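*Asks:* Handing you a structure now.
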Amino acid sequence: MSSLEVNAGAPVLVVSCSLNPASRSHTLAVAAGKALDALGAPHELLDLREWDLPICDGKACYDHPSIGPVTDKVAAAAAILIASPVYNYDLNAAVKNFVELTGQAWGEKPVGFLCAAGGERSYMSPIALANSLMFDFRCHIVPRYVYATKDDFTAARAPSAELAGRVRQLALAATELAAALRWVASRRNGRAGRGDERD
């Protein structure tokens, strides 16, 4: 049975990947939660600053006591929104480590991105991870993402009205994609149950 069908009605998992205590990408994660609230969509914030996660070594790391709980959160999610800073024209190491630690739990998930960068030239920064998620885990990437620089935040470090609007658009797109994929999965499973092999 597809995880898309199993996760019907499950929360959207918003993963805040910055380890910086004054993180703008964390502000984006919080804004995404508020946008999901406004849509009536259940959600959960997973802040990597609050978790003692090991560096993935491909072996002993999976025995760490934190791995089971965070993997379960990924597996149970209806969709995942990744909020990450951009370092050296790429998403930060913490999010890539998180994906390596939780692995197959990402299978077939709708995934969206919220990125906070220092300038405008790293606009393509999510692409490498998005490609990996698509090819390794068959994730469905939300074809809209949020890219923000410091100019998109107020002096109080809150999202500008324009940025908040883009976050709302992403939240809506993620929930709509998750719902559409669940519908497709239910239709596919219904045909399989009837023995209907038509394309």
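The values are calculated or read from the model by the stated rules, or taken from the named source; none is laboratory data. Keep in mind that what you see is a predicted model, and the values were worked out from it rather than measured. Here the Cβ is made from the backbone with ideal geometry for all residues, glycine too, and neighbour counts use every protein chain on show.
*Asks:* Can you pull out the residues in region 9-22 that are touching a residue at least 40 places away in the same chain (Cβ under 8 Å) and surrounded by fewer than 21 Cβ atoms within 10 Å (Cβ to Cβ)?
*Replies:* Listed by number, the residues that qualify are G9, A10, P11, L19, N20, A22.
*Asks:* At least 2 residues that are within 12 Å of the chain's Cα centre (by Cα) and of a type outside the set (D, E) in each: list the helices (runs of 4 or more DSSP H) lying fully within region 1-120 that qualify.
*Replies:* Helices (runs of 4 or more DSSP H) meeting the threshold: 24-39, 67-76, 93-102.
*Asks:* One residue is enough: does region 28-35 have a residue meeting the conditions more than 24 Å from D152 (Cβ to Cβ) and either in contact (Cβ under 8 Å) with a residue 12 or more places away in the chain or touching a helix residue (DSSP H, G or I) at 6+ places or on another chain (Cβ under 7 Å) (or both)?
*Replies:* For region 28-35, residues more than 24 Å from D152 (Cβ to Cβ) and either in contact (Cβ under 8 Å) with a residue 12 or more places away in the chain or touching a helix residue (DSSP H, G or I) at 6+ places or on another chain (Cβ under 7 Å) (or both): absent.
*Asks:* So which residues in region 129-159 are loosely packed, with under 13 Cβ neighbours inside 10 Å, assigned to a helix (DSSP H, G or I) and among the polar types (S, T, N, Q)?
*Replies:* Residue satisfying the conditions is N131 alone.
*Asks:* Show the residue pairs meeting these rules: Cβ distance below 9 Å; 6+ apart or different chains; first residue within region 66-84 and free of Cβ contacts under 8 Å to residues at least 60 places away in the same chain; second residue among the small types (G, A, S) and crowded, with 18+ Cβ neighbours inside 10 Å.
*Replies:* The qualifying pairs are V70/A105; T71/A105; D72/A105.
*Asks:* Output the number of residues of region 52-87 satisfying the condition of being exposed (fewer than 13 other Cβ atoms within 10 Å of the Cβ) and not acidic (D, E).
*Replies:* 7
*Asks:* Another question about this same structure. Give me the pairs: first residue in region 151-170 and free of Cβ contacts under 8 Å to residues at least 12 places away in the same chain, second residue surrounded by 13 or more Cβ atoms within 10 Å (Cβ to Cβ) and among the small types (G, A, S), beta-carbon distance under 7 Å, and six or more apart or on different chains, which are they?
*Replies:* D152/S160; T154/S160
*Asks:* Output the residues belonging to region 98-114 that are farther than 23 Å from G33 by Cα and touching a residue at least 40 places away in the same chain (Cβ under 8 Å).
*Replies:* E100, L101 - these are the residues of region 98-114 that are farther than 23 Å from G33 by Cα and touching a residue at least 40 places away in the same chain (Cβ under 8 Å).
*Asks:* Output the qualifying pairs, or none if there are none: Cβ atoms under 8 angstrom, residues six or more apart or on different chains, first residue in region 118-144 and on the phi > 0 side of the Ramachandran plot and in contact (Cβ under 8 Å) with a residue 40 or more places away in the chain, second residue surrounded by 14 or more Cβ atoms within 10 Å (Cβ to Cβ) and assigned to a loop (DSSP other than H, G, I, E, B).
*Replies:* Between residues of region 118-144 that are on the phi > 0 side of the Ramachandran plot and in contact (Cβ under 8 Å) with a residue 40 or more places away in the chain and residues that are surrounded by 14 or more Cβ atoms within 10 Å (Cβ to Cβ) and assigned to a loop (DSSP other than H, G, I, E, B), there is no close pair.
*Asks:* Right, another one. For R166, state whether it is buried (at least 18 other Cβ atoms within 10 Å of the Cβ), at pLDDT 95 or above and either under 14 Å from the mean Cα position of the chain (by Cα) or within 26 Å of A41 (Cβ to Cβ) (or both).
*Replies:* So R166 passes the test.
*Asks:* Let me ask something else. L46 - would you say it is under 30 Å from T175 (Cα atoms) and either in contact with a Pro (Cβ under 8 Å, 6 or more places away or on another chain) or touching a residue at least 40 places away in the same chain (Cβ under 8 Å) (or both)?
*Replies:* So L46 fails the test.
*Asks:* Right, something else. When you go through D151, D136 one by one, which is the residue that is among the charged types (D, E, K, R) and farther than 27 Å from D52 by Cβ?
*Replies:* D151
*Asks:* Select, from L46, L36, the only residue that is crowded, with 19+ Cβ neighbours inside 10 Å, touching a His at 6+ places or on another chain (Cβ under 6 Å) and at pLDDT 95 or above.
*Replies:* L36
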